[in-house]
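Each reported figure results from applying straightforward, stated rules to the coordinates on display, with no laboratory input. Treat the numbers as computed from the prediction; the structure is a model and nothing was measured. As a convention, Cβ positions derive from the backbone with ideal geometry for all residues, glycine included, and neighbour counts pool all protein chains shown.
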Amino acid sequence: MTNSQEIMVSICCITYNQKEYIRDALEGFLRQKTDFAYEVLIHDDASVDGTAAIIEEYAGRFPDVIKPILQKENQYSKGLTNVSGTFNFPRAKGKYIAMCEGDDYWTSTDKLQRQVDFLEAHEDCSLVFHSARIEVQGRAFTEHKMRPYRRSREVSQKEIIDKTCGYPTASLMFRTRMVKELPDFYVQAPIADIPLQLMAADRGWAYYMDKPMCVYRLGGAESWTTLMKQGDYEGKQREYARAMKKMYEGFDRESGGRFHETVDHAIRRLYYLTQVNRRKFSVILARENRDLYRELNFRTRFFIRFESRLPKAYGCLQAWFHRIGRKKV
């Protein structure tokens, strides 16, 4: 790439205390084989573990590609949750934006080319995403892949809004013009990926590529999922459900109520999943929620049944599992 080339893709990456992972993310960016130029917009939120030094090293080696913002004061602790929208999206020069957080990474060297080729050929498509391999940090009962659908296909607007499985953040690519003016429901949301998907749904259909072209790391020390489990987990889940309901309602207003019934069902599903996280079995197993229960994967349903029927045995198994995990660390 040269300075004279027009940027086609702006890769937007946010990091915080991800020293052990950030090289994988950066190398995944730099290994992309494309017939266009791209840039890496990376924002580090005042890491204290050496992440910023690694970013500076790469920026020094690839100054035309890697363009960092290295904060001296943590913005999240000051109440700023909209980091990408505040610091990365406004400086994006590309026609498209590709997302990847600093603890995830790309495994396919033609990921960007595949997604750009599709969006260039389909002007009415607002979002392209793909499956991911899950890499667990520590020990946990979980799936080993994030595969929203069983084959490559178009995804309708309603499916994007009310989906049974999340989309890997590191797989998302959309048109930059979509985020040049951000609605309140995005700015105020507790997480960034779902409101981005809602914004895309308001503009058109999506396309899913059934190929695992990235890795989603689960259980990292500074990940949103891990931090959510610390402290008052019950309270955090209640607040998350409240904030996400407000976000969906904001989207409903922004989209003129065109997807009102779909949004209502998405709110119901999200609330149900927070009850699953909190192990509220009276809600999880209620007759009126059987449709949502059937959507859970087999592993989750198995452990719900196990814990609800044999809580002491489940507790003993969980304690043993954690002891084994500590011994192997």
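Could you tell me whether segment 83-196 comes out rounded, prolate or oblate from its Cα gyration tensor? Rule is a ≥ b ≥ c as square roots of the eigenvalues, rounded for a/c under 1.5, then prolate if a/b exceeds b/c, otherwise oblate. Don't jump to the answer; show the numbers that get you there.
Values: a/c = 1.43, a/b = 1.23, b/c = 1.16.
Verdict is rounded for segment 83-196.
Take the Cβ-Cβ distance between Lys93 and Glu57 as r, set R0 to 25 Å, and report the resulting FRET efficiency rounded to the nearest 0.05.
0.60
Any idea how far apart Arg238 and His122 come out in nm if each label point goes 7 Å out from Cα toward Cβ?
Simple spin-label model gives 4.3 nm for this pair.
Just rank Leu26, Leu112, Leu218, fewest to most, by other beta-carbon atoms within 10 angstrom.
Final ranking by Cβ density, sparse to dense: Leu218, Leu112, Leu26.
Give me Val48, Val83, Val128 ranked fewest to most by other Cβ atoms within 10 Å of their Cβ, as a rough exposure proxy.
So the ranking, lowest neighbour count to highest, is Val48, Val83, Val128.
Return the FRET efficiency for the residue pair Glu261, Phe281: r is the Cβ-Cβ distance, R0 is 30 Å, and the value is rounded to the nearest 0.05.
0.60
Run the helix sum for the chain: -39,500 (n - 2.57) per DSSP H stretch of 4+ residues, divided by residue count, reported at 222 nm to the nearest 500 deg cm²/dmol.
-12500 deg cm²/dmol
Beta carbons within 10 angstrom, averaged per residue: use that to sort the peptides 162-168, 37-43, highest first.
37-43, 162-168
Looking at segment 7-218, send over the antiparallel percent of its DSSP beta bridges, to the nearest 5.
The answer is about 30 percent antiparallel.
Arranged by the count of other C-beta atoms within 10 angstrom, fewest first, what order do Ser131, Ser156 take?
Arranged by neighbour count, lowest to highest, Ser131, Ser156 become Ser156, Ser131.
Give a quick list of GluC sites (Glu not before Pro) in segment 144-203 that DSSP marks as loop, anything other than H, G, I, E or B, with at most 13 other Cβ atoms within 10 Å.
Taking segment 144-203 and a limit of 13 other Cβ atoms within 10 Å, the loop GluC sites (Glu not before Pro) found are Glu181.
Could you list the trypsin sites (Lys or Arg not before Pro) in segment 85-156 that lie in coil according to DSSP, counting only those with at most 16 other Cβ atoms within 10 Å of their Cβ? Mind showing how you got there, number by number?
On the way: sites: Arg91, Lys93, Lys95, Lys111, Arg114, Arg133, Arg139, Lys145, Arg150, Arg151, Arg153; in loops: Lys93, Lys95, Arg139, Arg150, Arg151.
Listed in order of number, the matching sites are Lys93, Arg139, Arg150, Arg151.
Quick one: putting +1 on the C-beta of Lys and Arg, -1 on the C-beta of Asp and Glu, what dipole do you get for segment 7-218 around its Cα centre, in Debye to the nearest 20?
Charge dipole of segment 7-218: 360 debye, to the nearest 20.
Just to compare against my own numbers: the Cα pair-distance distribution for segment 67-136, 5 Å bins, whole % per bin, please.
Percent of Cα pairs in each bin: 3, 10, 20, 20, 19, 16, 9, 4, 1.
For segment 231-328, what does the alpha-carbon gyration tensor say about shape, rounded, prolate or oblate, given a ≥ b ≥ c as the root eigenvalues, a/c under 1.5 as rounded, and a/b over b/c as prolate?
On the way: a/c = 2.98, a/b = 1.94, b/c = 1.54.
In terms of gyration-tensor shape, prolate.
First check a/c for segment 7-96, with a ≥ b ≥ c the square roots of the eigenvalues of its C-alpha gyration tensor; if it is under 1.5, answer rounded, and if not, answer prolate when a/b is larger than b/c or oblate otherwise.
Verdict is oblate for segment 7-96.
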